[in-house]
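Peer 1: The structure that follows is given in the form of structure tokens.
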Amino acid sequence: MSKKIISPGGAVDGVVELPGDKSISHRYAIVAALAEGTSEISNYASAADCHSTLECLRGLGVAIESKDRTVRIAGKGLDGLKEPRRTLDAENSGSTMRMLAGVLSGQNFTSTITGDGSLRKRPMRRVIEPLRQMGAGIRSQEGDRAPLEIRGGKLRAIDYTPPTPSAQVKSAILLAGLYADGVTTVRESVSTRDHTELALREFGATMEISRGEIRVHSRPKLAAHQLSVPGDLSTAVFLIGATLVLPGSALMLHNVGLNPTRTRVLDFLISIGAPIHVATVQARDGELIGDVSVRHAALEGGAISGKQVAEMIDELPMLAALGPFTEKGIEIHDAQELRVKESDRIRTLAEGLRQMGARVEEFPDGMRVEGRAAGKLRGAKIDPAGDHRIAMALSVAALGAEGDTVIRDADCVGVSFPEFFATLDRLRGAAKE
Ligand code: S3P
């Protein structure tokens, strides 16, 4: 277990090209494995989670070469995956487990997928339920937890509305829908990230996508593709956070993914006073990319609730940790989902921020972090509970604290952004030069 000491102060200054988006990388890899021919994916995520997906696909007999962030995947076609000899291991990655559960449901073999201690505690009923309705035989541990033993077979198309908005659940059903006997429909009241739909369409599937309703036709012929993954906006948000915490900072991010199902966080930050500009937006492989620049400014603070929660689910830790740097604080409601992420993010954030001297009220569905008037943060010893986004959010808050902060188990940032600390050091170093 590594620890990282964060000394406060300095300023962020520079230009960054981010590693590929985690959500998109998973999907390109999975769909490429089901396509015919060899796909080449450049700027594949450096996130450990996306390497878990590659390992699981290898376990299913897919040949994958990976070099300098370019991944070549020899697709097996819809029916070419092999029964794995060992249990598949999604490690810390909920996306890997839930999306592959959809694919495994359509196979003519039985397989088992597990994960690390955190993933084995996370709820899987949300995918088990619809996949069983489609005809898969799924055995889980008590409380619908992983490992999941999945007996695939002939699947029925369903028309399903997930009770909680979730891109992972939607994706599992759409991927299973490739193997179903008709047109599979997923309905959603909040538009969650649509990368699966866009990737399937890019590889040749027939998709009908409209607001609130996504339909996939069965047994498409998916053809290999060359694609490039946009930079990860959810990762960018931690660097944007550092820019907003440190006076005198300015940052330019090139080739960031700007899919409208992901950019609500930028709208929110702009609404509370962050000077963020987006330029040179273009479409690539069905996704939008562009350059994002941000400068330090005083933030007003504000409230997040309702459908905003699903739209910025991965950014909430960073937004909460910005609370003490705002005038009015940050208040979050309707975010019970945060309790079943890589950690109970409401609890781990509240504990970490309190240890740094913030005034925090915890609610069953969210939290309130008081603004500047509650006093300056102070350095503390932080345990991020193995959760990458908590480690990064609290590291950013530590930049604006008085005194050093020690982040225990800081390597956990590798789950989504292994270069986080090095990038932050480089950007702060550049400001000193
Ligand atoms: C993801 C969807 C979100 C998000 C996760 C990645 C995805 O989860 O929190 O980090 O890639 O589909 P839910 O779909 O469970 O909300």
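Peer 1: Roughly how many Å is it from the Cα centre of the range 1-53 to that of the range 203-251, as a whole number?
Peer 2: 12
Peer 1: So for the chain, averaging the separation of alpha carbon pairs under 8 Å that are six or more residues apart and normalising by length, what relative contact order in percent results? Please list the in-between numbers first.
Peer 2: Details: 1074 pairs, mean separation 81.1, N = 433.
The value is 19 percent.
Peer 1: Full-extension gain between residue 132 and residue 425, please, as 0.36 nm times their residue separation minus the C-alpha to C-alpha distance.
Peer 2: Values: separation 293, 0.36 × 293 = 105.48 nm, distance 4.80 nm.
100.7 nm is the gain from fully extending residue 132 to residue 425.
Peer 1: Separate question: Hey, can you find the accessible area per residue of the range 107-199 for me, probe 1.4 Å, expressed in square angstrom? Intermediate values should be presented prior to the final figure.
Peer 2: Working: 3620 Å² over 93 residues.
Heavy-atom accessible area per residue stands at 39 Å².
Peer 1: Could I ask something else about it? Connecting C-alpha atoms closer than 10 Å in a GNM of the chain, tell me which of 416, 39, 293 has the biggest fluctuation.
Peer 2: 293
Peer 1: Let me ask you something else. With r as the distance between the Cβ atoms of residue 334 and residue 284 and R0 = 35 Å, compute the FRET efficiency 1/(1 + (r/R0)^6) and round to 0.05. Don't skip to the end; give the middle numbers.
Peer 2: Working: r = 33 Å, r/R0 = 0.96.
Once the sixth-power term is evaluated, E becomes 0.55.
Peer 1: Here is a further query. Per residue, how large is the accessible surface of the range 224-328? Use a 1.4 angstrom probe and give square angstrom. Intermediate results must be reported in sequence, preceding the final value.
Peer 2: Values: 3310 Å² over 105 residues.
Value for the range 224-328: 31 Å² per residue.
Peer 1: FRET efficiency for residue 109 and residue 3, Cβ-Cβ distance as r, R0 = 35 Å, nearest 0.05? Intermediate results must be reported in sequence, preceding the final value.
Peer 2: Numbers: r = 44 Å, r/R0 = 1.24.
For R0 = 35 Å, the calculated efficiency reads 0.20.
Peer 1: Can you classify the range 166-244 as rounded, prolate or oblate using the Cα gyration tensor, where a ≥ b ≥ c are the square roots of its eigenvalues, rounded means a/c under 1.5, and otherwise it's prolate if a/b beats b/c and oblate if not?
Peer 2: On the way: a/c = 3.14, a/b = 1.69, b/c = 1.86.
Since a/c reaches 1.5 but b/c is at least a/b, the shape of the range 166-244 is classed as oblate.
Peer 1: Out of residues 5 or more away from residue 160 or on other chains, whose amide H comes under 5 Å of its own, with H placed 1.01 Å from N in the peptide plane?
Peer 2: HN-HN under 5 Å from residue 160: 185, 186, 187.
Peer 1: Tell me, what is the per residue accessible area of the range 388-432 in Å², probe radius 1.4 Å?
Peer 2: Numbers: 1360 Å² over 45 residues.
Result: 30 Å² of accessible area for each residue.
Peer 1: Given the peptides 227-240, 263-276, arrange them by the average over their residues of other C-beta atoms within 10 Å, most packed first.
Peer 2: In descending order of packing, they fall as 227-240, 263-276.
Peer 1: Of the accessible area of the range 45-174, with the probe set at 1.4 angstrom, what percent is carbon plus sulfur? Provide the component values of the computation, followed by the final result.
Peer 2: Numbers: 2300 of 5460 Å².
Percent of accessible area from carbon and sulfur atoms in the range 45-174: 42.
Peer 1: Quick one, what does Rg over Rh come out to for the chain if you take C-alpha atoms and the Kirkwood Rh? Could the numbers behind the result be given before it?
Peer 2: Working: Rg = 21.1 Å, Rh = 21.8 Å.
Answer for the chain: 0.97.
The values are calculated or read from the model by the stated rules, or taken from the named source; none is laboratory data. Here the structure is a predicted model, which is why all the values come from computation and not from measurement. Note that we place each Cβ from the backbone using ideal geometry, even for glycine, and neighbour counts take in every protein chain shown. Only protein heavy atoms, including side chains, enter the accessible area calculation; ligands, DNA and RNA are left aside. Shrake-Rupley method; radii C 1.70, N 1.55, O 1.52, S 1.80 Å.
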